[in-house]
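The values are calculated or read from the model by the stated rules, or taken from the named source; none is laboratory data. For clarity, every value in this text was computed on a predicted model and none was experimentally measured. As a convention, Cβ positions derive from the backbone with ideal geometry for all residues, glycine included, and neighbour counts pool all protein chains shown.
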Amino acid sequence: MKKPSKFIHSSLIYLSFILGAPHWNVNGQEPFYTPDGYTIETLATPKNMPFGITGLDISQQNDIYVATRLGEVWILENRFAEPGKEQWRRFAEGLTEPTGLLLDDNGSILVAHKPELTRLVDTNKDGVADEFSNLANQWEFHDNYHEYNYGPVKDKDGSYYGVLNLGHGNPKAFSLGAMNSEGGYRGWAYKVSASGEFTPFASGFRSPAGIGMSPQNELFITDNQGDWVPTSKLHLVEQNKFYGHPVSLRDDPRYDITSLRKMTPDDFAEFMQPPVLWIPHIEVANSPGNPEWDISQGKFGPFAGQMFIGDYTQSSLFRAIIEKVNGQYQGAVINFMNGFQSGNIRIKFDHKGQLWVGQTSRGWGTKGEKPHGLQRVVWDGETLPFELHDIKITKHGFDLRFTEPLKSGSVQNDSLSAEQWHYLYSSNYGSDKMDLITVKIKALQLSEDNKTLKLTMPLSAGQVVAIDFSGIESVSGRKPSVSKVYYTVNQVK
């Protein structure tokens, strides 16, 4: 099938964001944090080529498939997927700034790029895609640099999901803040059924750079801090619901631009869905990517079942620990590793329990000084790190469970501290911590196995609670590499 002409992107706009992109490297000014037993391995990418990785998937044979910002798809076969042995093969080119890739069950490759969701097929089996099929393009693409198309992910019924970024800087577009929309489902998540039917799925997204399907077949999306997004966040996304950025509502038949201009933040807040997690700005993430679940059954260490997310700006990984309270998801974020070479935007576990990290840095600064790259995180299979494993809300406060028993003598009133705040929902670009206060921890109690620390403290809904446990030690005399956790309280017990 001949490639449609709209695959040809606006090269001058594109190159203006590639050349001279700033790189923010403050690695020498902040401490590294890495759990014991974990290392970062760096894979070589094709030489003398911009290779910003924005799409990543892994086959059952552990072959690595990536999409790059220059519109190409490359494959690193398993037998070459070791440092020093890399041999890359280009599978496709000519796409318009992809930001997601999915290896489908039939061996074809789905790529989310700005104008459409495209299926790539190698019909003659020569190792290069020769068929480019349009799976969906029912949104509008106005050749705006910010109009990314993230995804796809696939549910158990065979439907695909993606999510569309709002535009920026277009004077003709409708705006209620920094970001804007010329219409055509900008700021919407979409669904494409197995039979090819396109459905606008949910609205209210700003820069939703990360999309993931959980092992429980639930759709999660991260959104980046900015106007109407007081700090980055993680949402469980359900059909026909609204997630915060009102510009997208211009495509909802219940509203029009005139009525939207008359509405206040309180009006939108009435039907906006709260996030599962607020992600504190800079402290944890500036620009989170896709959520990825550890289903390795212990091959990646003691965090089986938990969610991992990469951050572009911080060049880091963090964990998300979620639970259901009164039927609603909420939970905590905690940093996991930093010191990566570039911006961590795409992550994926392979079948050996290694976490692969696709990286890029273009137009926005990253702490990692490299412009692009591919790394992976490997656990040595033996060393048990001493870290916070889990946190759960209780009727009296929180239970903090650790990977190793605590030294009872380190558990004192001054071993921990806590504070809480909330964020202001408005058209402002981000929000300060509102009504920030110290929260008194009234009592501490260790479980019989010394692994769970029970905190008694007052709690109220609609708050982020930060708990600093830097004063504790394990029975082996170790300190955790990360000693602060941030819990989003949507519901209290």
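Residue selection: Asp105 satisfies the criterion of being surrounded by fewer than 19 Cβ atoms within 10 Å (Cβ to Cβ), under 18 Å from Pro152 (Cβ atoms), among the acidic types (Asp, Glu) and assigned by TED's automatic domain parsing to the domain that holds Val66. Could you grab me the full set of residues in the stretch 42-76 that are of a type in the set (Ser, Thr, Tyr) and in a strand (DSSP E or B)? Within the stretch 42-76, Thr42, Thr54, Tyr65, Thr68 qualify.
Summed over the stretch 314-370, residues that are of a type in the set (Val, Ile, Thr) and in contact with a helix residue (DSSP H, G or I) (Cβ under 9 Å, 6 or more places away or on another chain) total 0. Within the stretch 52-93, the only residue that satisfies the criterion of being touching a His at 6+ places or on another chain (Cβ under 7 Å), buried (at least 23 other Cβ atoms within 10 Å of the Cβ) and not aliphatic (A, V, I, L, M) is Gly52.
Taking the numbered list (1) modelled with pLDDT of 95 or more; (2) surrounded by 15 or more Cβ atoms within 10 Å (Cβ to Cβ); (3) in a loop (DSSP other than H, G, I, E, B) in turn, Tyr145 passes all entries but (1). Quick check on the stretch 416-432. Is at least one of its residues over 30 Å from the mean Cα position of the chain (by Cα), modelled with pLDDT of 95 or more and aliphatic (A, V, I, L, M)? Looking through the stretch 416-432, none of the residues is over 30 Å from the mean Cα position of the chain (by Cα), modelled with pLDDT of 95 or more and aliphatic (A, V, I, L, M). Among the residues here, Leu249 does not qualify as under 23 Å from Ala332 (Cβ atoms), among the hydrophobic types (A, V, I, L, M, F, W, C) and either in contact with a strand residue (DSSP E or B) (Cβ under 8 Å, 6 or more places away or on another chain) or not assigned by TED's automatic domain parsing to the domain that holds Gly151 (or both). The residue that is surrounded by the most Cβ atoms within 10 Å (Cβ to Cβ), among those in the stretch 322-349 that are under 20 Å from Tyr65 (Cβ atoms) and of a type in the set (D, E, K, R), is Arg346.
Condition check: touching a Gly at 6+ places or on another chain (Cβ under 6 Å) and assigned by TED's automatic domain parsing to the domain that holds Ile279. Does Glu218 satisfy that? Here the answer is no, as Glu218 does not meet what is asked. Which count do you get for residues in the stretch 461-493 that are surrounded by 18 or more Cβ atoms within 10 Å (Cβ to Cβ) and out of contact with any strand residue (DSSP E or B) (no Cβ under 8 Å at 6 or more places or on another chain)? Qualifying residue count for the region: 1.
Looking at the stretch 156-267, none of the strands (runs of 3 or more DSSP E) lying wholly inside it contains 3 or more residues that are more than 25 Å from Met434 (Cβ to Cβ) and aromatic (Phe, Trp, Tyr).
Exactly one residue out of Thr96, Thr123 is of a type in the set (S, T, N, Q) and surrounded by 17 or more Cβ atoms within 10 Å (Cβ to Cβ): that is Thr96.
Name the residue that is farthest from Glu283 (Cα to Cα), counting only residues in the stretch 435-460 that are exposed (fewer than 13 other Cβ atoms within 10 Å of the Cβ) and aliphatic (A, V, I, L, M). The residue in question is Ala443.
Across the stretch 353-368, a minimum of one residue is classified as over 30 Å from Lys493 (Cα atoms), surrounded by fewer than 22 Cβ atoms within 10 Å (Cβ to Cβ) and at pLDDT 95 or above.
Every condition in (1) surrounded by 16 or more Cβ atoms within 10 Å (Cβ to Cβ); (2) closer than 17 Å to Ile467 by Cα holds for Gly373 except the one numbered (2). A single member of Leu76, Leu101 is aliphatic (A, V, I, L, M) and in contact with a Pro (Cβ under 9 Å, 6 or more places away or on another chain), and it is Leu101.
Annotation note: of Ile109, Ile13, Ile40, the sole residue that is at pLDDT below 95 and not hydroxyl-bearing (Ser, Thr, Tyr) is Ile13.
Residues in the stretch 207-224 that are closer than 18 Å to Tyr148 by Cα and either crowded, with 24+ Cβ neighbours inside 10 Å or of a type in the set (Ser, Thr, Tyr) (or both): Ser207, Pro208, Ala209, Gly210, Ile211, Phe220, Ile221, Thr222, Asp223, Asn224.
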